[in-house]
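None of the figures in this text is laboratory data; all of them are computed from the coordinates on show. It should be emphasised that the depicted structure is a prediction, and the values quoted were computed from it without experimental measurement. Heads up, the Cβs are rebuilt from the backbone with ideal geometry, glycines too, and the neighbour counts pull from every protein chain shown.
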């Protein structure tokens with residue numbers, strides 16, 4: 001389970017990344033991807049997923065209900081698309 005505190009992303013007590021505007025970064029400060037509207041993009045700008053009808057649909061065909069993503073990534077007042085981007089780009 002991940003937790004959002006301000007713009008930082010934690011797994012347990014370890015900071016594993018952060019959010020800046022629409023971009024996601026790992027703990028070393030490397031950009032891992034970004035989100036826009038309901039779409040999620042990898043570091044190379046390729047679309048890797050999107051939110052549709054209360055589901056996260058990844059480009060590899062995986063589907064995850066948005067409420068499941070909310071359970072795995074708690075805290076912060078961020079959008080479902082931000083949570084889904086964290087789920088895909090940083091992990092649960």
Just order 15-27, 57-69, 77-89 by mean Cβ neighbour count inside 10 Å, highest at the front, would you? 77-89, 15-27, 57-69
Ratio of the chain's C-alpha Rg to 2.2 N^0.38 Å, to two decimals? 0.97
Cα-projected label distance for residue 46 with residue 59, points at 7 Å along beta-carbon direction, nm: 0.5 nm
